[in-house]
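Single-structure report; data block below.
The values are calculated or read from the model by the stated rules, or taken from the named source; none is laboratory data. The shown structure was predicted, so the numbers you read here are calculated from the model rather than taken from an experiment. Cβ sites come from the backbone with ideal geometry, for glycine too, and all protein chains shown count toward neighbours.
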Amino acid sequence: MADVAPAVLGSQEEALVEVVELSKEFDVSPPLLTRLLQGQQKSFLRAVDEVSFSIPRGRTFSLVGESGCGKSTLARLVVGLYAPTRGRILIDGKELSRLRSRREQAQVRRRLQMIFQDPFASLNPRWRVRDIIAEPIRAHGLMSDRKAIDRRVGELLELVRLTAADGLKYPHEFSGGQRQRISIARALASNPEFLVCDEPTSALDVSVQAQILNLMKDLQRELGLTYLFISHDLAVVYHLSDYLGVMYLGRVVEWGAARNVFANPQHPYTRMLLDAIPDLEMSGRQRIPVRGEVPSPMDPPSGCHFNPRCPFANERCRAEIPMPIPTVHGGEVRCHAVEEGRLTEEVVRDALRRPLAEEEVP
Amino acid sequence: MSALDPLHRTKAEEPPRAPSAWARFFDSDIWYSFTRSPVTVVSALIVLIFVVGALFAPWIAPHNPFNPAELNLMDGFTPPMGEAFSGNLYLLGTDDQGRDVFSTILYGARISLFVGFCAVLFAMVLGISLGLLAGYRGGWVDSLIMRIADVQLSFPAILVALLIFGVARAMLPRSMQGEMVIWVLIIAIGLSDWVQYARTVRGTAMVEKNKEYVQAARVIGIHPLLIMLRHVLPNVLGPVLVIATIGLALAIIAEATLSFLGVGVPPTTPSLGTLIRIGNDFLFSGEWWITLFPGLALILLALSVNLLGDWLRDALNPKLR
């Protein structure tokens with residue numbers, strides 16, 4: 001299982017989306033003139049670092065991680081908003097960034113769509129909802145007859161539990177949750193198979209979040225959609241995912257079937273994240289926070305990126321980048337401590353219970 | 001479906017008709033703030049009178065000052081409301097050639113407004129296109145366009161216009177100069193004024209292009225040109241409208257300045273600026289009305305347009321509502 005890394009997850013199922021050793025670096029150098037005058041070097045920010053995963057058709061793969069860990073960059077890479085620095089993104093075997101002709105690109109684009117985080121920015125304020133939803137239909141030339149388009153837009157609005165008459169309104173006449181549903185309707189307009197959802201519920205009230213998540217689940221069942229779901233909210237992810245990847249500073253540190261990762265986390269970072277989920281049984285007990293801040297991605301720590309915050313880090317963790325190793329449940333984890341079998345139950349319990357003050361003293 | 005049924009409304013609940021554009025206009029904040037500001041209403045009326053007077057000058061003007069057959073040289077230098085040699089009554093007096101000052105103002109406003117509108121339109125088209133391109137594309141395209149704009153901005157606009165006018169005059173054959181002069185003037189004023197539009201549009205476009213609705217359009221695979229025109233452009237037009245209104249006043253004044261300096265419209269078909277220059281020659285011999293009334297007309301027109309622009313700026317600013 002472990003030899004064919006990207007295929008491990010969906011070994012029994014056909015993979016619709018495959019991401020292979022994907023990296024993205026942003027050029028954050030000062031302008032040329034400043035560099036020449038002050039003798040500065042070009043500098044790059046590695047937002048996504050050698051990420052590989054695959055998503056079986058009709059399943060949901062979730063990526064979680066703290067702010068700034070590269071989740072959104074990864075989402076934008078997958079839909080083609082950014083060009084990858086290295087690595088490949090295969091959607092049903094086709095690679096968007098390698099296709100030269102617009103027609104071939106359009107064929108792939110039609111099959112993938114994106115739902116954005118901010119429902120107040122993702123709809124053009126000067127367009128009627130009808131035109132917003134019809135845009136992918138017109139752009140891909142799926143229908144030309146005005147009446148047919150209007151009918152299809154009405155259907156889509158009803159599919160997301162709005163009414164056909166809402167098409168005549170402007171986005172500002174809707175609430176956040178309703179707008180997010182309009183956004184979903186637009187994403188569904190070109191009959192895509194694959195939806196990338198970049199924190200679609202994080203800007204919404206908790207009550208509305210549930211509606212959107214239920215709607216997304218219903219649509220997945222009805223239309224057989226595949227989701228790449230980006231979130232920092234573990235409760236939301238638990239509700240929705242088949243597979244789960246945990247990102248830290250551009251790297252996927254652990255992934256596997258969502259159930260297994262939640263029940264049996266391996267990586268110290270995953271353990272700490274899961275420990276941070278509030279639940280009723282834990283009330284009153286001392287909570288162990290994930291210590292410290294995410295280091296600057298401009299100057300990431302050597303070796304394992306997590307080593308400055310990890311209670312189990314040793315010399316090897318500071319020097320050597322951990323490679324993915326298979327877990328007993330069929331996922332993968334990038335951690336020297338797990339590989340060496342250092343993380344026994346007692347060690348983990350001891351480390352997590354240690355008072356915070358001791359660790360913080362420099 | 002059942003889980004979300006409380007949100008599911010029936011189709012018949014709302015009439016499937018959008019309100020007409022006029023109904024929406026009279027219902028809008030803009031119209032409300034317009035009716036609540038007396039200064040603006042008066043300015044709008046004055047501008048309207050000027051525009052109507054200019055458009056229908058041949059029908060409204062009591063005399064045709066450019067028809068030599070109608071001119072009576074003996075009527076020259078008639079003061080306002082004074083007794084003319086021929087017995088005609090001249091509301092605002094006549095100039096040295098016996099031309100009715102009121103009529104020349106109407107005809108002059110026609111040329112001034114035409115040059116102003118066309119120059120603003122030209123500057124707008126040029127500035128919006130370049131600004132949109134610079135803001136949306138970014139990178140070296142942005143740097144190139146904006147450095148050109150910076151260089152141009154370091155020269156006074158009137159100097160740039162004078163330069164362009166001089167070059168055009170040297171290049172065009174003499175026979176064509178008479179008819180081409182208005183178009184040269186429009187291009188000269190337009191070219192000296194595009195930078196403002198470009199800068200404003202670039203700034204707004206840079207903000208808009210990072211908004212998620214533009215990214216959504218990119219994910220769909222819309223051509224960048226169409227994204228610029230259909231998504232970004234409508235959202236950057238608000239501030240441009242304000243600049244265009246104030247720019248109209250500036251263009252009218254620029255035209256008057258150029259004509260006053262003698263490089264603008266020739267005296268045979270005078271604009272307001274030419275009229276002021278001609279009248280200036282007689283100011284010290286006591287015939288003050290020849291220059292005063294065109295001057296007042298210019299001030300009134302420019303002031304009204306400017307006040308309209310000021311109001312529009314406040315009305316479109318959500319923070320001042």
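Residues in the stretch B:219-246 that are closer than 30 Å to B:Ile299 by Cβ, more than 11 Å from every other protein chain (Cβ to nearest Cβ) and of a type outside the set (S, T, N, Q): 7 in all. The set of residues from the stretch B:78-88 being out of contact with any helix residue (DSSP H, G or I) (no Cβ under 8 Å at 6 or more places or on another chain) and within 20 Å of B:Phe293 (Cα to Cα) comprises B:Thr78, B:Met81, B:Gly82, B:Glu83.
Would you be able to tell me the number of residues in the stretch B:243-269 that are among the polar types (S, T, N, Q) and either within 9 Å of B:Gly116 (Cβ to Cβ) or buried (at least 24 other Cβ atoms within 10 Å of the Cβ) (or both)? Matching residues across the stretch B:243-269 total 1. The residue that is surrounded by the fewest Cβ atoms within 10 Å (Cβ to Cβ), counting only those in the stretch B:61-93 that are touching a Gly at 6+ places or on another chain (Cβ under 6 Å) and of a type outside the set (Gly, Ala, Ser), is B:Leu73. Of the residues B:Ala188, B:Ala198, B:Ala205, B:Ala161, which is surrounded by 15 or more Cβ atoms within 10 Å (Cβ to Cβ), touching a Ser or Thr at 6+ places or on another chain (Cβ under 8 Å) and touching a residue at least 60 places away in the same chain (Cβ under 8 Å)? Answer to the check: B:Ala161.
Taking the stretch B:33-45 as the range and being in contact with a helix residue (DSSP H, G or I) (Cβ under 9 Å, 6 or more places away or on another chain) and either farther than 20 Å from B:Leu248 by Cα or surrounded by 17 or more Cβ atoms within 10 Å (Cβ to Cβ) (or both) as the test, the residues that pass are B:Ser33, B:Thr35, B:Ser37, B:Thr40, B:Ser43, B:Ala44.
Each residue in the stretch B:37-85 was checked for being out of contact with any Ser or Thr (no Cβ under 7 Å at 6 or more places or on another chain) and of a type in the set (Phe, Trp, Tyr), and 4 of them qualify. Considering the stretch A:78-180, the qualifying helices (runs of 4 or more DSSP H), each wholly inside and each with 2 or more residues that are more than 9 Å from every other protein chain (Cβ to nearest Cβ), closer than 30 Å to A:Val208 by Cβ and more than 19 Å from the chain's Cα centre (by Cα), run over A:129-139, A:146-159. Can you give me the number of residues within the stretch A:137-147 that are within 14 Å of B:Arg230 (Cβ to Cβ) and buried (at least 18 other Cβ atoms within 10 Å of the Cβ)? Matching residues across the stretch A:137-147 total 1. For the stretch A:137-172, a residue qualifies if it is farther than 15 Å from A:Ala185 by Cα and hydrophobic (A, V, I, L, M, F, W, C), and the qualifying residues are A:Ala139, A:Leu142, A:Met143, A:Ala148. Select from the stretch B:165-175 the residues that are hydrophobic (A, V, I, L, M, F, W, C) and surrounded by fewer than 10 Cβ atoms within 10 Å (Cβ to Cβ) and list them in ascending order. Correct list: B:Ala170, B:Met171. Within the stretch A:251-276, residues that are of a type in the set (S, T, N, Q) have Cβ atoms under 8 Å from residues that are assigned to a helix (DSSP H, G or I) and modelled with pLDDT of 85 or more in these pairs: A:Gln266/A:Val338; A:Thr270/A:Val261, counting only partners at least 6 apart in sequence or on another chain. When the stretch A:28-52 is filtered for residues that are within 30 Å of A:Val253 (Cβ to Cβ) and out of contact with any Pro (no Cβ under 7 Å at 6 or more places or on another chain), the ones remaining, listed by number, are A:Val28, A:Ser29, A:Gln41, A:Lys42, A:Ser43, A:Phe44, A:Val48, A:Asp49, A:Glu50, A:Val51.
When the residues of the stretch A:223-250 are filtered to those that are in contact (Cβ under 8 Å) with a residue 40 or more places away in the chain and within 14 Å of chain B (Cβ to nearest Cβ), the one that is surrounded by the fewest Cβ atoms within 10 Å (Cβ to Cβ) is A:Leu228. Residues in the stretch B:220-269 that are assigned to a helix (DSSP H, G or I) and more than 30 Å from A:Trp127 (Cβ to Cβ): 12 in all. Every test in (1) outside any helix (DSSP H, G or I); (2) within 10 Å of another protein chain (Cβ to nearest Cβ) is passed by A:Pro200 save one, and that test is (2). Inclusion of B:Ile227 among residues that are β-branched (Val, Ile, Thr) and out of contact with any Asp or Glu (no Cβ under 9 Å at 6 or more places or on another chain) is warranted.
Of all residues in the stretch A:58-77 being within 14 Å of chain B (Cβ to nearest Cβ) and within 22 Å of A:Gln220 (Cα to Cα), which is surrounded by the fewest Cβ atoms within 10 Å (Cβ to Cβ)? Taking the candidates together, the pick is A:Ser72.
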